[in-house]
Amino acid sequence: MHKYPKHIASFEKRYGINENTEISFRDLRNLLIEDGFAASYILEPAFDKDSDEIFYTIWDYERLQKLWATENNLKTEDLLEIKYAQIEYFKPDVFYDFSAVYYKNFLKRFTLPKSIRKVYWNGFITAEPFIDQDYDAMITLYRPFIDFQKRSGIRIFELQPAFLERLTIFDLDIKPIDLLIYGQFTEKYFKKRNAIFTEIVKYSKSSNLKLKLHLDILQKPIIFLRVPFLGNIVFKSFPPKKILKYSDRPIFGSELYSTIGQSKYVLNAFPDHSSGFKSNMRMFETLNCGSLLISEAGSYPEGFVPGKNFIEYQDLTDLLKKLPEVFSQFKELKDNMHPYVQNVMITYTKRNQWTRFKSIISQLY
C-alpha cells in the first residue's frame, strides 16, 4: 500500500515513534497492521505475523522502508528501488499494488518476471476507471468498472472489503456520540457530499445533536470568484466556515475504530461520479465497530439491505426528515438490525475475501 501522510503522522505520535526509536522493520510493520489502518482491505495472511504467504508493506513510508533497506544492506534511499528490491527478495507469485492509480509507471521503470501475476487495486471512483495495461488485472469494489472490461485490455474483477473479527471489541454499550462523520473533504470529487456534511453541521447546532466531525480537508482555505452569465459576482469560500470551525483532525486505525464504537450512527455519502452502485470501506468499518450506518440509497453489494442492516436516505431533504426519528429509536433499531448485521459480517469475512482473491488470481493463469 501507499501512505496517507496524515495517518503516518498520527500513527507515529500515538506510539511515540521518532528518529530515536529503536525498532525493526518487522516490528514497525506489524504495529501498523495491528493498529488496523485500512484493515478491511488488507488480505487475511498479513494478520498472521508469522505467515510466509504474504509480504506486506507501505512502500513510501520512509522510516519503515529505510529500516528494511538498512537491515538488508541496501545502500539506496530511493523508495521505488527499495520496493523493487523487496519484490526481488520475496519472489512472489502475485504482486498486488494499491498504488498504481496514484503512483504511475512503476512497472515501466522496473521489469518484473512474466511468471509474476501483476494486479492493482482501484477503488478511486471516476466516470471511467484508470487502466494500466502493464498489469494483468484490475481489482475493485466498484462493480460498474467491470463494464469497461471489454475495451480496457485487461481483466477487471470485483472484490469487496471485509470485516475483521477483532474490531468488534470497539463496540461500546455507552455511546456518547450521536452522529459521526469522517473522511475526505475536497472540492474536486465530493461537491454533493460536502453539501450534505455542511448542512448536517447546521442541523446539529439547532437540534442539540451530539455530532463528531473528523474530516481530512485536502485543500487550504480558498475563495472562488465567479462571474455568471447575468453579470452578478458570487463569492464562495472553501471549505465552508462552519466546516473549518467544527471539524476535528482526521483520525485513522485504532483511533478511528474506537470513535466509531462510541457513536450511535455514522453518516455515509459517496463521490460525485458514483453511479447507482454503492460500496466503500466506511460501510464495513461502521458495522464492524458497532455503529449503525446511515447511507445513500442505491444498489449495494449482496447482503447490504436497507431497513435491515443500514438506514438509507434518498437525498439531503429526506435525510434531515429521517434524523429525528432514527435518533429517538436508536436502541430499538440496533436490536432489530443486529441479526442482519451479523449475517452480512458472516458473508464478508477475511477468510472469504482471501478465498475470493485467490480465485481471481487462478483465472489469470
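What the table shows:
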item	result
Which numbered condition residue 234 fails, given (1) at pLDDT 85 or above; (2) surrounded by fewer than 20 Cβ atoms within 10 Å (Cβ to Cβ)	(1)
Residues (surrounded by fewer than 21 Cβ atoms within 10 Å (Cβ to Cβ) and either among the aromatic types (Phe, Trp, Tyr) or not in a helix (DSSP H, G or I) (or both)) located in segment 138-155	148, 153, 154, 155
Qualifying residue in segment 87-98 (condition: in contact (Cβ under 8 Å) with a residue 12 or more places away in the chain and either of a type in the set (Gly, Ala, Ser) or outside the structural domain of residue 70 (by TED's automatic domain parsing) (or both))	no
Some residue of segment 116-127 being at positive phi and in a loop (DSSP other than H, G, I, E, B)	no
Only listed residue being among the small types (Gly, Ala, Ser) and surrounded by 21 or more Cβ atoms within 10 Å (Cβ to Cβ), chosen from 295, 359	295
Helices (runs of 4 or more DSSP H) contained entirely in segment 270-354, each with at least 3 residues that are under 30 Å from residue 94 (Cα atoms) and of a type in the set (A, V, I, L, M, F, W, C)	281-288, 330-347
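The values are calculated or read from the model by the stated rules, or taken from the named source; none is laboratory data. It should be emphasised that the depicted structure is a prediction, and the values quoted were computed from it without experimental measurement. Quick reminder, even Gly has a Cβ in these numbers, built from the backbone with ideal geometry, and neighbours come from all protein chains shown.
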